[in-house]
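Visitor: Can you keep this structure in mind? I'll have questions shortly.
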4 protein chains.
Amino acid sequence: MKYTEINVLEEIEVINPIFIEALPGLGHVGKLAADHLIDELEAVKFAEIYSPSFPPQVFVGNEGIIESMINELYYIKDLGEDNLDIILLVGNTQGLSPEAQYMLCKDILEFLEKFEISSIYTLGGLPTGKPVEDPQIFGAATCEENIKKLEEVGINIRSNDGGIVGASGLFLSIGKRKGLEGSCLMGETSGYFIDAEAAEAMLNKLTELLKFDVNTDKLDEKAKEIREMLEKAQKMEQELLNRSSASEGDDLRYIG
Amino acid sequence: MKYTEINVLEEIEVINPIFIEALPGLGHVGKLAADHLIDELEAVKFAEIYSPSFPPQVFVGNEGIIESMINELYYIKDLGEDNLDIILLVGNTQGLSPEAQYMLCKDILEFLEKFEISSIYTLGGLPTGKPVEDPQIFGAATCEENIKKLEEVGINIRSNDGGIVGASGLFLSIGKRKGLEGSCLMGETSGYFIDAEAAEAMLNKLTELLKFDVNTDKLDEKAKEIREMLEKAQKMEQELLNRSSASEGDDLRYIG
Amino acid sequence: MKYTEINVLEEIEVINPIFIEALPGLGHVGKLAADHLIDELEAVKFAEIYSPSFPPQVFVGNEGIIESMINELYYIKDLGEDNLDIILLVGNTQGLSPEAQYMLCKDILEFLEKFEISSIYTLGGLPTGKPVEDPQIFGAATCEENIKKLEEVGINIRSNDGGIVGASGLFLSIGKRKGLEGSCLMGETSGYFIDAEAAEAMLNKLTELLKFDVNTDKLDEKAKEIREMLEKAQKMEQELLNRSSASEGDDLRYIG
Amino acid sequence: MKYTEINVLEEIEVINPIFIEALPGLGHVGKLAADHLIDELEAVKFAEIYSPSFPPQVFVGNEGIIESMINELYYIKDLGEDNLDIILLVGNTQGLSPEAQYMLCKDILEFLEKFEISSIYTLGGLPTGKPVEDPQIFGAATCEENIKKLEEVGINIRSNDGGIVGASGLFLSIGKRKGLEGSCLMGETSGYFIDAEAAEAMLNKLTELLKFDVNTDKLDEKAKEIREMLEKAQKMEQELLNRSSASEGDDLRYIG
């Protein structure tokens, strides 16, 4: 069986594009950042990707319409002062098994070979396990030149401190073997909820690195909404705890 | 290795059949409904399906005769006022691994391609985790037209509320990519036992949708039997609890 | 990759042999019975079987010589009053994944096809979870004729009571699809240790079924040894418990 | 898909080399020993090995440069009084699934076939679960001749006492089937940390077996460093425990 299915929707022409991977991960930091880019810059979807190793399910979306597990490729042309072409990989899932993750990254990179990618950026989250006030962006890369570029825009460089798991690590690793240089940007996040604040911080660094502008107002709003939702949830939890200690012995199973 | 083995028992002729998936799942809601259809409408088995990824076991059936893990395809012709042809997928198991589930659904859909399926229905259970008095049927679909049809017969439409796991989700997802529209019907069920009541509720909606009649007396009886069995089990549990608190310290391990 | 590797050591000539599967399982009931048959009847090994899905390890055997994970085929000719030829499958492991177990059984059955097997017997254990005084043998089969044969020698027939997991189930299931009839013999065992008593009970039934004799003295001895070992272990455990309650607070971690 | 990727960096000429496997395992005993050999004897890397079944991640190394999951082959020529050629297998991971481990070992052995290996040595750790004062080396082998050689240099021979898991077992097992003899050296280790002391003990036996010299000063230093680090860690843990019992009730979650 062919492992990864790539359905091309449009034959595109791009010049030495930057490839940005932003599949869902910790805090959905990369995914939120990339989805925002796609909306604001009107990126165009040109391929849909399916794998037998995606979770065996669908999501029930708006008004009952089902959403398949999917990865998608978008492109943007002539971006910013360097007239960059960009290819973005987004989606609602990653592969489940180690081997599936590897093959998916490898198959996608090989599909992209004809576009003569100039550089890889992978976007992820760096979990802190506790609330983060002012999320910093951390980085790692395949070569010293890239490390320097990351440092120039104020990205903190990780060193000898663990790994980068999933697509954000694998694209750098497999890309490196194919002669492609790349960098990983990781936004600090508690890891407990979708983190629009970390996504905005990441977008600020990414646009500085790639020299283009993007309006982040909607991401601001999203961050505000999430903060309010979290505060509400904390209040409700507190009320439940109060009520529960007031009526100990009652069966609380049906309150929730 | 060829992943899925499909042994054709009879070459059949059907006209744009409806494909109904009803493999075992939560509360066996879909399976009970489909097994009842097969019995009442004298559906004919025309193919047996085996997969290396079924659980590596057999069941010990009636009088010691073993039952293989199997999926089966049945057909019914000229049903109801629309003279519908129907193909039913039933069985005693689903694939175990994510990849196996995917390949199984894909291989079965590709085997069915020659029959020019007109629509897919997948039948499943929606777990509530607590007893259900009057089980409602919930739905989701691949397109708005189908959502409307479901609403017309009083099916509740889910929206942005999680997923549909296993074959009931995968057949819709893979079918959609092959240009096939489909709907999923989910019967509310506690999920703790085989739920004939939910199956009957589902059958009522399905027959209204597809405009044919089926006698549900046997399903009624089954629902009654299960209710009685559950009541007996609850009584026994209660007695055991009473006896146990009366003789605390005794070793109860051998009572059961 | 070819999934199963079968290295033939000797080209054999057998006439419609009985195939007996006795891979390790609960209480090693089948394995002990088959290993005893091989010793007593001087069965000859004619093939070694390896699979990538065996546990990734070796055993350290006698005097440091390593033992590979392996399945082995033996044969015996002209046995008993029916001049039976027999092929035995034994080994120190089964496949790990569901798919591996399936492919292993399928590949072995297909390798054996040229010998025109007349019948399959699979030998396993039936766990009771508590000590067994006088282990009974239970059976299941692919057809009513076999059930009758099992009943004639006093084997208890299971009915609608769960499954047969692993090779003992799969060989019957895959064999049935290839037109081969078969039976499974299961010896009652606590499941907590290697059970020579259950193995002897099983051998008595098997030899009655297949009409040949085998001396079971060595299996008797083994059963006696195991009983003595268990009694010793129980005594030691009791002493440890006594000492422990006498010196509570001491660090017992280094006693064992 | 081809399971294992072997990228040859240099076509080498070696004469009946010894093959030494030292992938990471318990206490990293084998890995430390082999890494030390490579440094001291200036072994040359001639191939890099990747597998889809390595963990789907990269490590963040020094100054943010990422390190791929990798296995590597090194060679050394004309070593010691027997003018031995040696091929070493090292790396930062083993395969994850049983099947992947098997295929990796098999593919590597088949790649090495052209070099006409004379013997296999696999290096591993033997976990004790408690601190080890003077780590002993234990051995097992594919044949009695090798057992004798191990005994001659004072290696303890294991007997009927469990298994050798992972590459250290599989290379012996698959090698044996290909007509290659081999031995496994296992260094006693607590298993709780990287164990340079056990690695040095192992190196002493290995060099005695293969009759060459290697300076172990750096390994001595490393062992000293690790001992000091462990002592510091124990002190810190003790202080934390003291502080914790002094201020019971405080939330200690943020101290660490």
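Visitor: Compute the helix-to-body angle for C:98-112: its Cα long axis versus the longest principal axis of chain C, expressed 0 to 90° and rounded to tens.
Guide: It is inclined by approximately 40 degrees.
Visitor: Could you run the Karplus curve 6.51 cos²θ - 1.76 cosθ + 1.60 with θ = phi - 60° over the range C:116-128 and give me ³J(HN,Hα) per residue in whole Hz, x for Gly and Pro?
Guide: Result, rounded to whole Hz: 6, 4, 8, 6, 10, 10, 10, 10, x, x, 10, x, 9.
Visitor: Between the label point of C:L241 and that of the same position in each other copy, find the distances and list them shortest first in nm, with every label point placed 7 Å from Cα along the Cα-to-C-beta direction.
Guide: Counterpart label points of C:L241 in the remaining copies fall at 3.1, 3.1, 4.3 nm.
Visitor: Hey, another quick one. Determine the calculated [θ] at 222 nm for chain D from helices alone, applying -39500 (n - 2.57) to every DSSP H run no shorter than 4 residues and normalising by the residue count; nearest 500 deg cm²/dmol.
Guide: Details: 6 runs with 92 residues, N = 256.
Value at 222 nm, helices only: -12000 deg cm²/dmol.
Visitor: To the nearest 0.05, what FRET efficiency results for A:N156 and A:D39 with a Förster distance of 25 Å applied to their C-beta separation? Don't jump to the answer; show the numbers that get you there.
Guide: On the way: r = 28 Å, r/R0 = 1.12.
Given R0 = 25 Å and the Cβ-Cβ separation, E is 0.35.
Visitor: What is the minimum Cβ-to-axis distance for chain D, in whole Å, where the axis maps D onto C, and to which residue does it belong?
Guide: Nearest residue, distance rounded to whole Å: D:S97, 6.
Visitor: Taking both sides together, what accessible area is buried at the A/B interface, probe 1.4 Å, expressed in Å² and rounded to the nearest 100? Spell out each step's value before the answer.
Guide: Values: alone 14200 and 14180 Å², together 26310 Å².
By this definition, chains A and B bury close to 2100 Å².
Visitor: What are the distances, in nm and sorted shortest first, from the label point of D:E10 to the label points of the same position in each other copy, with each label point placed 7 Å from Cα along the Cα-to-Cβ direction?
Guide: For D:E10, the inter-copy label distances come out at 5.0, 5.1, 7.1 nm.
Visitor: If eta is 1.567 mPa s and T is 4 °C, what Stokes-Einstein diffusion coefficient results for the protein assembly as shown, Kirkwood Rh from Cα pairs, in µm²/s? Present the calculation step by step, with values, prior to reporting the outcome.
Guide: Values: Rh = 33.3 Å.
Using the Kirkwood radius from Cα pairs, D works out to 39 µm²/s.
Visitor: Per residue of the range B:187-193, in order, report the coupling 6.51 cos²θ - 1.76 cosθ + 1.60 (Karplus, θ = phi - 60°) as ³J(HN,Hα) in whole Hz, putting x for Gly and Pro.
Guide: Using θ = phi - 60°, the values come out as x, 4, 8, 4, x, 8, 8 Hz.
Visitor: If packing is taken as the mean number of other Cβ atoms within 10 Å per residue, what is the order of D:37-46, A:172-181, highest first? Could the numbers behind the result be given before it?
Guide: Working: D:37-46: 16.5, A:172-181: 18.6.
Answer by packing, highest mean first, reads A:172-181, D:37-46.
Visitor: Give me, ordered by chain and number, the residues 5 or more places off C:C184 or on other chains with an amide H under 5 Å from its own placed amide H.
Guide: C:T122, C:A140, C:A141
Visitor: Provide an ascending nm list, one decimal, of label-point separations from B:G162 to the equivalent residue in each further copy; define each label point as 7 Å from Cα along Cα→Cβ.
Guide: Label-point separations across copies, in nm and ascending: 3.0, 3.0, 4.3.
Visitor: Still on this model: Within the accessible area of the protein assembly as shown, what % is carbon and sulfur when the probe is 1.4 Å and the other protein chains stay in place? Let's see the in-between values first.
Guide: Details: 22760 of 48480 Å².
The C+S portion of the solvent-accessible surface of the protein assembly as shown is 47 percent.
Visitor: Hey, another quick one. Using alpha carbons only, how many angstrom separate the centre of the range A:159-238 from the centre of the range B:186-241?
Guide: Centre-to-centre distance over Cα atoms comes out at 48 Å.
Visitor: Taking 2.2 N^0.38 Å as the expected size of a compact globular protein, what ratio does the Cα radius of gyration of the range B:139-184 give against it, to two decimals?
Guide: On the way: Rg = 10.5 Å, N = 46, 2.2 N^0.38 = 9.4 Å.
Compactness ratio reported: 1.11.
Visitor: What is the average number of partner chain Cβ atoms found within 10 Å of a Cβ in A:63-75?
Guide: Working: counts 8, 20, 10, 14, 5, 8, 6, 2, 0, 0, 0, 0, 0.
Shielding by partners across A:63-75 averages 6.
Visitor: Among the listed pairs D:K45/D:K114; B:K130/B:K205; B:K149/B:K205, which have their C-alpha atoms separated by more than 20 angstrom in this model?
Guide: Values: D:K45/D:K114 17 Å; B:K130/B:K205 23 Å; B:K149/B:K205 11 Å.
The answer is B:K130/B:K205.
Visitor: Convert each backbone phi in the range C:137-154 into a coupling constant with the Karplus relation 6.51 cos²θ - 1.76 cosθ + 1.60 (shift: θ = phi - 60°), then list the ³J(HN,Hα) values in order as whole Hz, x for Gly and Pro.
Guide: Values per residue, Gly and Pro as x: 9, 10, x, 8, 7, 8, 8, 5, 4, 5, 4, 4, 4, 5, 5, 4, 9, x Hz.
Visitor: Amide H of C:G91: which non-local residues (sequence gap of 5 or more, or other chain) have their own amide H closer than 5 Å, using H built in the peptide plane?
Guide: It is C:E72, by chain and number.
Visitor: For the range A:9-88 and the range B:30-52, what is the separation of their Cα centres, given in Å?
Guide: 41 Å
Visitor: Can you give the Rg to Rh ratio for the range C:93-183, taking only C-alpha atoms and Rh from Kirkwood? List each step's numbers first, then the result.
Guide: Values: Rg = 14.3 Å, Rh = 14.4 Å.
Ratio of gyration radius to Kirkwood radius for the range C:93-183: 0.99.
Visitor: Here is a further query. What's the average, rounded to a whole number, of partner chain beta-carbon atoms within 10 Å of each residue's beta-carbon in B:171-180? If you can, show how the numbers build up before the last one.
Guide: Working: counts 1, 3, 11, 3, 0, 4, 6, 0, 0, 0.
Average neighbour count from other chains, rounded to a whole number: 3.
Visitor: Could I ask something else about it? As an exercise, take the mean of 1/r over every pair of distinct alpha carbons in the range B:1-135, invert it, and state the Kirkwood radius in angstroms. Each step should come with its number before you reach the end.
Guide: Numbers: mean 1/r = 0.0626 Å⁻¹.
Value: 16.0 Å, from the Cα pair sum.
Visitor: Please name which of A:L84, A:G30, C:S118 has its Cα lying farthest along the dipole of the protein assembly as shown towards the positive end, using unit charges on Cβ (Lys, Arg +1; Asp, Glu -1) and the Cα centre as origin.
Guide: The residue sitting farthest along the positive end of the dipole is A:G30.
Visitor: So which GluC sites (Glu not before Pro) in the range B:114-165 end up in coil per DSSP with only 13 or fewer other C-beta atoms within 10 Å? Display every interim value, and only then the final one.
Guide: Details: sites: B:E116, B:E133, B:E144, B:E145, B:E151, B:E152; in loops: B:E116, B:E133.
Passing sites in the range B:114-165 are B:E116, B:E133.
Visitor: Can you give the accessible area per residue of the range C:111-158, in Å², using a 1.4 Å probe?
Guide: 49 Å²
Visitor: What's the angle, to the nearest 10 degrees (0 to 90), between helix B:167-177's Cα axis and the longest principal axis of chain B?
Guide: 20 degrees
Visitor: Run the paramagnetic zone check for C:M229: 7 angstrom along Cα to Cβ, then residues of the range C:3-45 with backbone nitrogen under 17 Å.
Guide: Zone members listed by number: C:24-36.
Visitor: Something else about it: Kirkwood hydrodynamic radius (Cα pairs, Å) of the range B:1-69?
Guide: Details: mean 1/r = 0.0685 Å⁻¹.
Here the Kirkwood hydrodynamic radius works out to 14.6 Å.
Visitor: Determine the shielding of peptide A:158-169 by partner chains: average, over its residues, the number of Cβ atoms on other chains within 10 angstrom of each Cβ.
Guide: Numbers: counts 5, 6, 8, 4, 3, 9, 5, 4, 2, 1, 2, 9.
Partner-chain Cβ atoms within 10 Å, mean over residues of A:158-169: 5.
Visitor: Moving to a separate point now. How long are the semi-axes of the ellipsoid equivalent to the range D:59-218, from square roots of 5 times the Cα gyration tensor eigenvalues, in whole Å, largest first? Let's see the in-between values first.
Guide: Details: eigenvalues 104, 93, 69 Å².
With the √(5λ) rule applied to the range D:59-218, the semi-axes are 23, 22, 19 Å.
Visitor: Can you give the angle from 0 to 90° between the axis of helix B:217-246 and the longest principal axis of chain B, with both taken from C-alpha atoms, to the nearest 10?
Guide: So the inclination is approximately 30 degrees.
Visitor: Please compute P(r) over all alpha-carbon pairs of the range A:138-224, binned at 5 Å starting from zero, and give each bin as a whole-number percent.
Guide: 3, 13, 21, 22, 21, 13, 6, 1, 0
Visitor: Related question: Taking every Cα atom in the range A:28-102, find the radius of gyration and the maximum pairwise distance Dmax, and write them in Å.
Guide: 14.3, 43
Visitor: Let me know the charge dipole size of the protein assembly as shown about its Cα centre in debye, to the nearest 20, where only the beta-carbon of Lys, Arg (+1) and Asp, Glu (-1) is charged.
Guide: Numbers: 92 positive and 188 negative charges, 69 e Å.
Around 340 debye, computed over the protein assembly as shown.
Visitor: Taking only protein heavy atoms and a 1.4 Å probe, what accessible area per residue, in Å², does the range B:1-80 have with all protein chains in place?
Guide: Details: 3080 Å² over 80 residues.
Accessible surface, normalised per residue, equals 38 Å².
The values are calculated or read from the model by the stated rules, or taken from the named source; none is laboratory data. What you are looking at is a predicted structure, and each value in this text was computed from that prediction instead of being measured. As a convention, Cβ positions derive from the backbone with ideal geometry for all residues, glycine included, and neighbour counts pool all protein chains shown. Remember, those area values only see protein heavy atoms, side chains included, never the ligands or the DNA or RNA. Shrake-Rupley method; radii C 1.70, N 1.55, O 1.52, S 1.80 Å.
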